[in-house]
Amino acid sequence: MALPATQQSRVPASPAIHLAAIALGSNIDSPSASRAERLHAALHALDDPPRTRTLARSDFIETAPVGPIPQGAYLNAAAILETSLEPVALLARLLDIERAQGRDRAREGRWGPRTLDLDLLLYADRIVDQPGLTIPHPRLAERAFVLIPLAQIAPDWVVPGPSAGGQTVAQLLAALTATSGSRP
Ligand code: A4P
Ligand code: MG
């Protein structure tokens, strides 16, 4: 039986749920927490439905640092989330979790050592290009330390946008490995 209009308007709309892929990285072991403990803490914080629920996570892989600043080895991972947050709110949540793990951007250089880095790699099949947020993550296709763990849990995710050309994560990893012989 159809509800009268006045009752229909009181039924709460359930938020849309989307899949998102994130990258995790840490290369600062400190007395308060090891790199692995920081990744575990981030995954625990992200398992917080309905805002974010962790559906899958990759292995934690040890990777040599990429970039111009000499620094220690990273522990990297990827995770797939189910989320009711829109992309900007999800990035804000990731930045909050980074801060809770001692991340202080004011003291670190670009690509410098960090207690915790959480990057939003993919959000459903969306393309976002606005100040402070680019999806897919602009360096996704160049980073073996991102593609190797992501391919463990989402090899068939089609990466939208012109730079990836609609290739899957597994195809991007195969192309990167073929051109650079990249290993973690
Ligand atoms: N921002 C825009 N789009 C996004 C997005 N999709 N996800 C903005 C996350 N952030 C996004 O980020 C700077 C700003 O980018 C954020 O405030 C947000 O508004 P950041 O985390 O301070 O910068 P970053 O991580 O130093 O740089 P970026 O550009 O994310 O570089 P990468 O590629 O993450 O490089 N080597 C190894 N082995 N493993 C690593 O994890 N990471 C880096 C950082 C360098 N070398 C590494 C690793
Ligand atoms: Mg980052």
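Numerical summary
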{"item": "Total charge dipole magnitude, the chain, about the Cα centre, Cβ charges on Lys, Arg, Asp, Glu only, Debye to nearest 20", "result": "220"}
{"item": "Contact order relative to length of the chain, as percent, for alpha carbon pairs under 8 angstrom and 6 or more apart", "result": "24"}
{"item": "Peptides 16-25, 75-84, 31-40 ordered by average Cβ neighbours within 10 Å, highest first", "result": "75-84, 16-25, 31-40"}
{"item": "Spacing of the two label points (7 Å from each Cα toward its C-beta) at Glu37 and Glu142, in nm", "result": "3.4"}
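Just so you know, all these numbers are worked out from the coordinates, no wet-lab data involved. Just so it is clear, the model here is predicted, and its values are computed rather than measured. Note: ideal-geometry Cβ built from the backbone for every residue, glycine included; neighbour counts use all protein chains shown.
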